[in-house]
Amino acid sequence: MDTDGSRDYTNNDYIVVKALANGVTIIGMTRGRETKLHHSEKLDKGEVMLAQFTEHTSAIKIRGRAQIYTRHGIIESGD
């Protein structure tokens, strides 16, 4: 916690998503009793996005052909 009582998320896990095709969708999902979508982004081939888990984001859904880089390794989504 920071001195003002808020939590510092700069050291939380993050992922890197590299689109291997046009139209890759990244969807952030909320924490809490109900999982809801709270943010989405579209990437075209070659674009890269870094996403981080925070107090609001507990899951990230990726639709389309992409490489996902995590501390656990590289995963490929899509066909």
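Every read-out reported here was derived from the displayed coordinates using simple, explicitly stated rules and does not represent laboratory data. Predicted model, so just to flag it, every value in this text is computed and none were measured. Using ideal geometry, Cβ is built from the backbone for each residue, glycine included, and neighbour counts are taken over all protein chains shown.
Just flag the trypsin sites (Lys or Arg not before Pro) in the range 25-79 sitting in loop per DSSP whose Cβ has no more than 15 other Cβ atoms within 10 Å.
Answer by residue number: 31, 33, 36, 45, 71.
Counting only C-alpha contacts under 8 Å and six or more residues apart, can you give the relative contact order of the range 14-77 as a whole percent?
So the answer I get is 44 percent.
Starting at the first residue of the range 56-66, write each ³J(HN,Hα) from the Karplus equation 6.51 cos²θ - 1.76 cosθ + 1.60 with θ = phi - 60°, in whole Hz, x for Gly and Pro.
9, 10, 10, 8, 10, 9, 10, 10, x, 8, 8
Could you calculate, for the range 14-77, the ratio of the Cα radius of gyration to the Kirkwood radius, expressed as Rg to Rh?
So for the range 14-77, dividing Rg by the Kirkwood Rh gives 0.97.
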